[in-house]
Amino acid sequence: MGLRADRLISLVIAVTYCVVGAVTAGGYGLFYAVLWGAFALSLIWFGDELGEYTGLMRGHAITATSPGSLVKLFGWLFLLGPLFYVLYLGLWGAGRSGHPS
């Protein structure tokens with residue numbers, strides 16, 4: 001039983017974040033990269049199950065299910081958000097002319 005392609009790709013991205021976090025910011029960066037990746041991977045890998053949840057969460061009632069594909073989409077956006085941010089800084093970094101303000 002192997003990993004599906006979406007799970008494998010998301011795992012590679014999350015592990016890459018952990019390596020980059022450890023190299024650039026030490027244990028602090030690794031800690032936050034693991035938290036970020038674990039949350040995003042849980043949304044991607046278990047989106048259908050999380051979308052089916054109904055009940056109480058922090059004292060609020062969840063009365064309807066959510067589409068699993070939407071939960072997975074938010075997981076991908078959460079996982080790829082830092083990459084998009086780094087690309088944005090690379091294209092329109094601080095101190096460069098043409099920075100959208």
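Since every read-out is calculated from the coordinates, none of them should be taken as a lab result. Just so it is clear, the structure is predicted and the values come from calculations on it, not from any experiment. Positions of Cβ are backbone-derived with ideal geometry, glycine not excepted, and every protein chain shown enters the neighbour counts.
Near Glu52, the amide H atoms lying under 5 Å from its own belong to Ser66; only residues 5 or more places off or on other chains count, and H is placed 1.01 Å from N. Computed about the Cα centre, the dipole magnitude for the chain is approximately 220 debye when only Lys and Arg (+1) and Asp and Glu (-1) carry charge, each at its Cβ.
Angle of helix 5-45 to the longest C-alpha principal axis of the chain, folded into 0 to 90 degrees and rounded to 10: 40°. Note on the chain: Rg/Rh from C-alpha atoms, Kirkwood Rh, equals 1.09. Only DSSP H runs of four or more residues enter the estimate; each adds -39500 (n - 2.57), and after division by the residues of the chain the mean residue ellipticity at 222 nm equals -24500 deg cm²/dmol.
Label-to-label distance, Leu77 versus Thr16, with points set 7 angstrom from Cα along the beta-carbon direction: 2.1 nm.
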